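**Q** Please see the structure below; I have some questions.
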Amino acid sequence: MDTLFAISNCFFQLCYRIPFAFILYFSTPASEQKQNPLNLKQRLAASYIKTIVETLPLWLIRSIFDLTGVIEQLANGMYDGEERDKWCRRLKGGDKWDGYLIAENAETDDVGENADMVILYVHGGGLNAGGALISLVVFVKWIEAWKLSHGANTHIVSLEYGLSPEHPFPSARDSLLECYQWLVNEKGINPSKLTIAGDSVGGNLATLAALELLNNPIAYNNTPLPSRLLLISPCVSALTTSRTFETNYDNDCISMGWFDLCLTNSLLNSNLDPACPQVSPLFDCRLRGLPKVWVCVGGYEVFLEDIMSFVRNAKNQGVSVELVVEQDNMHNYAILFPLSRHGGAQKAIKYMSRFLFGEKSVIDQKLKD
């Protein structure tokens, strides 16, 4: 009965919000709009996403998240069959972690075999939803583009971590650390060829894991840090007090209610303050020694000010950081191709390629040699 009520409430909310988004888009005078207002696709997406996460039960939200990945895979012929098997293979880390290898020859190659770069990727979803294969199509685009631009063979290990509240903090971070140590210590992959990456809360986990390796080395048998961190629209603070959380709220797809629910579920029984560095790397004063970092954020994002503050703090502590602010774009624009404006997602592929493999392509260098 509660679920039926929630679905009905969601339906009626959408019946109100979607037409209102159309009316607002077409009726607001240009003089009252911001210089570059949301386009209609972004406005509809923000209304839809906020309504879904604010009204439906968690199990149904998770199902919808998973369904979006399935639809994208179906549209690209990758949901089942030989094409999927070629690109994707399940990995098991016992009780510690789970995940998938995404690579051009995933069905035959071992993890890291003949790879120029291995990316350990952590998905977003507020620690409460999402999955390792939601961005499978995006991963394949990255691998193909980087092979074309740099002749690079890239392996992506996408982590399937336990979701909250069933697996509260620090379960997801610890799964990430276990998988990373497996890559280094059991698979023998040189950290110079390892990058930890993530989007949204996955970017938070990537940063927290690197800080754990940096500041508590004995607890991890002095496992070396990866050579790079790649952070897509990372949530670097569990607080919602930044200026852009207010000024950009109507322009972004992040919901305050969803954010608070995810935080409550994730910190269940931990007694951790949301502002502590173990949760919010923005407030960590021990960033010196982190590997070089690439960060991207959309100009419409509620996280914009927090991310810029984190970048400033990291640079002040001697960390090499490259920041890309893509104007007129929403949260996670770099992996949400349909919502990306001005080619933001396509440009992100090029920026990441340069960050991972250098200015000059491997092909050009081989020709010189």
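The values are calculated or read from the model by the stated rules, or taken from the named source; none is laboratory data. Computed from a predicted model, the values in this text were never measured in an experiment. Quick reminder, even Gly has a Cβ in these numbers, built from the backbone with ideal geometry, and neighbours come from all protein chains shown. These accessible areas exclude ligands, DNA and RNA; they are computed on the full protein's heavy atoms, side chains included. Shrake-Rupley method; radii C 1.70, N 1.55, O 1.52, S 1.80 Å.
**Q** Here is a list: Tyr121, Tyr100. Which entry is open to solvent by 30 Å² or more (accessible area, probe 1.4 Å) and among the aromatic types (Phe, Trp, Tyr)?
**A** Tyr100
**Q** Can you name the residue in the range 224-237 that is assigned to a loop (DSSP other than H, G, I, E, B) and of a type outside the set (Val, Ile, Thr) and, of all such residues, is most open to solvent (accessible area, probe 1.4 Å)?
**A** Once the filter is applied, the top-ranked residue is Pro224.
**Q** Still on this structure: Quick one: Asn190 ticks every box in (1) touching a residue at least 24 places away in the same chain (Cβ under 8 Å); (2) open to solvent by 40 Å² or more (accessible area, probe 1.4 Å) bar one, so which box is it?
**A** Here Asn190 clears every test but (1).
**Q** Just wondering, is there one or more residues in the range 193-207 that are of a type outside the set (S, T, N, Q) and more than 20 Å from Ala132 (Cα to Cα)? Outline the logic, then answer.
**A** First pass over the range 193-207, keeping only residues of a type outside the set (S, T, N, Q): 193-194, 196-199, 201-203, 205-206.
Cutting the leftovers down to more than 20 Å from Ala132 (Cα to Cα) gives us 193.
So far as the range 193-207 goes, yes, one or more of its residues are of a type outside the set (S, T, N, Q) and more than 20 Å from Ala132 (Cα to Cα).
The rows are residues; the columns are (1) more than 19 Å from His331 (Cβ to Cβ); (2) at pLDDT below 95.
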site: Leu101; (1), (2): yes, no
site: Glu113; (1), (2): yes, yes
site: Asp116; (1), (2): yes, no
site: Gly124; (1), (2): no, no
site: Asn128; (1), (2): no, no
site: Glu144; (1), (2): yes, no
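**Q** Let me ask something else about it. Determine whether Gly94 is over 16 Å from Val138 (Cα atoms), small (Gly, Ala, Ser) and either open to solvent by 40 Å² or more (accessible area, probe 1.4 Å) or assigned to a strand (DSSP E or B) (or both).
**A** Against the criterion (over 16 Å from Val138 (Cα atoms), small (Gly, Ala, Ser) and either open to solvent by 40 Å² or more (accessible area, probe 1.4 Å) or assigned to a strand (DSSP E or B) (or both)), Gly94 qualifies.
**Q** Name the residues in the range 141-175 that are surrounded by 19 or more Cβ atoms within 10 Å (Cβ to Cβ), among the hydroxyl-bearing types (Ser, Thr, Tyr) and either part of a helix (DSSP H, G or I) or free of Cβ contacts under 8 Å to residues at least 12 places away in the same chain (or both), would you?
**A** Residue satisfying the conditions is Ser175 alone.
**Q** Also, quick follow-up: Quick one: in the range 202-221, which of the residues that are surrounded by fewer than 22 Cβ atoms within 10 Å (Cβ to Cβ) and of a type in the set (S, T, N, Q) is farthest from the chain's Cα centre (by Cα)?
**A** Asn221
**Q** Okay, moving on. If I ask for residues that are touching a helix residue (DSSP H, G or I) at 6+ places or on another chain (Cβ under 7 Å) and closer than 15 Å to Gly125 by Cα, which ones from the range 159-182 would you list? Spell out the reasoning first.
**A** Initially, the range 159-182 is screened for residues touching a helix residue (DSSP H, G or I) at 6+ places or on another chain (Cβ under 7 Å), giving 159, 161-162, 164-165, 168-169, 172-173, 176-177, 180-181.
Once the filter is applied, which keeps residues that are touching a helix residue (DSSP H, G or I) at 6+ places or on another chain (Cβ under 7 Å) and closer than 15 Å to Gly125 by Cα, the range 159-182 yields Leu159, Tyr161, Gly162, Ser164, Pro165, Pro168, Phe169, Ala172, Arg173.
**Q** Could you list all residues from the range 194-251 that are out of contact with any Pro (no Cβ under 7 Å at 6 or more places or on another chain) and of a type in the set (D, E, K, R)?
**A** Listed by number, the residues that qualify are Asp199, Glu212, Arg243, Glu246, Asp250.
**Q** Answer yes or no as to whether Tyr100 is under 21 Å from Leu163 (Cα atoms) and out of contact with any Gly (no Cβ under 8 Å at 6 or more places or on another chain).
**A** yes
**Q** If you scan the range 176-201, which residues turn out to be under 21 Å from the mean Cα position of the chain (by Cα), in a helix (DSSP H, G or I) and of a type in the set (Val, Ile, Thr)?
**A** Once the filter is applied, which keeps residues that are under 21 Å from the mean Cα position of the chain (by Cα), in a helix (DSSP H, G or I) and of a type in the set (Val, Ile, Thr), the range 176-201 yields only Val201.
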